[in-house]
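These notes are about the structure you will find just below.
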Amino acid sequence: MKKKPKNIFVEGAIPPEKLATSVANHQDRTNIGAHSIFLGQVRADEIDGKVVEAIEFSAYEEMANETYAAIREEVFEKFDLTCAHVYHSLGTIPVGQLCFYVFTSSQRRKQAMAATEYFVEEIKKRVPIFGKELFEGEGHQWKVNS
Amino acid sequence: MKKKPKNIFVEGAIPPEKLATSVANHQDRTNIGAHSIFLGQVRADEIDGKVVEAIEFSAYEEMANETYAAIREEVFEKFDLTCAHVYHSLGTIPVGQLCFYVFTSSQRRKQAMAATEYFVEEIKKRVPIFGKELFEGEGHQWKVNS
Amino acid sequence: MVRITMYYFGLIAEKAGVATEQLELLQGADVESVHQALQERYPSLQSDSYQVSVNRKICTNGPVSEGDEVAILPPFAGG
Amino acid sequence: MVRITMYYFGLIAEKAGVATEQLELLQGADVESVHQALQERYPSLQSDSYQVSVNRKICTNGPVSEGDEVAILPPFAGG
């Protein structure tokens, strides 16, 4: 039987306090020597004179979580990690708020940093998440990852 | 006149709450799209049957801060960063506690991740910080970066 | 006939005006038939780039069978 | 005579038993003279690897002048 994949999605922005909690939760793992963290923050991009004030994220959640599970397996094969945690927001996230959180821990720094980078790049490329950039005033545009 | 370099040193371990504060302090900078964070945590390494229970850090502080200032200048030349913050502990840091904290922010994720990695590698290589690994029971050994 | 469930996301859902619907394709349908049915149903999608997933895997070709979960995915924007 | 201030760190300070001291070197002293003076004063350092900084810059050679701040730095362990 296939086990249900982890759910990476959280409703709304990721609070900064989440970082403190994640780190504190790993301080009894005394084989960890390094944590590497990536955070995505919603940017007030200006596009044709209009300014983004929020991104509304949606996802094909079942496929997203299955794809994430595959990426996670690749990461644990490629890198010597102690643990890894990934969260992505759904719903409307205002500029300045966090929408993406990757946290990896390892004995060795290079493994953690490389794993975080792999997670970030592969998730952006392969996980079906969609972003509607809402402009100040009115109007929107669909975000495309570069 | 040369301006006094920033002081990267803090007495004692870096509390996990520091991360939440750093991130929260950057949420009004709406041109930021990515934060990259590295944390060093003291590991309970076993060496010839003895287990490390803490590292006592010391530094040639004036040279360390001057060297850090030079590395920081290189980073801002090489990478397109919005800001960067670096802290290193002095004193006795027990296993599981944080002793090193690098935080960079940028519009673009790749710039932030590359900058954090550069900081970590160059600081380990060039900044005169010394670590006395204290074993459980008694005895010690001087740590050497690999 | 092959009955499949279509799921639309982002820009595609916006243009289609629905998030999900049932489609009936002819026997022997494949990913190419999905493209054709879609363009016919929603001509405004012609200029858009999207990928097709069948049962949650990206597919550029291959058969589509009764009961399949087929999604039309505009460019990803996670992170 | 050239009077310099020596600073010792980590293992070196432990072996020297002091953190700082004044040394007097002969006129024309250079980094090599620092090494020699050090080995003579603390023979147990012979087997240790260290770098020398003059006025907070790593130096493998070059002159040492009156009033210089010279440090003996064992391997770094930051991070």
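Residue by residue, here is whether (1) under 29 Å from C:I72 (Cα atoms); (2) of a type in the set (K, R) holds:
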site: A:F79; (1), (2): no, no
site: A:H88; (1), (2): yes, no
site: A:I93; (1), (2): yes, no
site: A:C99; (1), (2): yes, no
site: A:S106; (1), (2): no, no
site: A:R109; (1), (2): no, yes
site: A:A112; (1), (2): no, no
site: A:R126; (1), (2): yes, yes
site: A:W142; (1), (2): yes, no
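Being free of Cβ contacts under 8 Å to residues at least 24 places away in the same chain and either over 20 Å from A:E122 (Cβ atoms) or within 12 Å of another protein chain (Cβ to nearest Cβ) (or both) is a property that C:V34 lacks. For region B:99-124, filtering for residues that are more than 7 Å from every other protein chain (Cβ to nearest Cβ) and either within 23 Å of D:I58 (Cβ to Cβ) or in a strand (DSSP E or B) (or both) leaves 11.
A single entry from A:E11, A:E56, A:E17 fulfils the requirement of being within 26 Å of B:T21 (Cβ to Cβ) and more than 14 Å from chain B (Cβ to nearest Cβ): A:E11. Which one is least open to solvent (accessible area, probe 1.4 Å) among residues in region A:84-140 that are charged (D, E, K, R) and closer than 20 Å to C:A13 by Cα? Checking each candidate, the answer is A:E133. Among residues of region B:35-51 that are more than 7 Å from every other protein chain (Cβ to nearest Cβ), those with a Cβ under 6 angstrom from a residue that is part of a strand (DSSP E or B), sequence gap 6+ or separate chain, pair up as B:V42/B:I55; B:V42/B:I93; B:V42/B:C99; B:D45/B:V52; B:K50/B:F135. Selection of region C:1-17 for residues being at pLDDT 95 or above and more than 14 Å from chain A (Cβ to nearest Cβ) yields C:V2, C:R3, C:I4, C:G17.
The values are calculated or read from the model by the stated rules, or taken from the named source; none is laboratory data. Because the structure is a prediction, the values reported are computed rather than measured. No Cβ is skipped: glycine too gets one built from the backbone with ideal geometry, and neighbour counts run over all protein chains shown. Heavy atoms of the whole protein, side chains included, go into the accessibility calculation; ligands, DNA and RNA do not. Shrake-Rupley method; radii C 1.70, N 1.55, O 1.52, S 1.80 Å.
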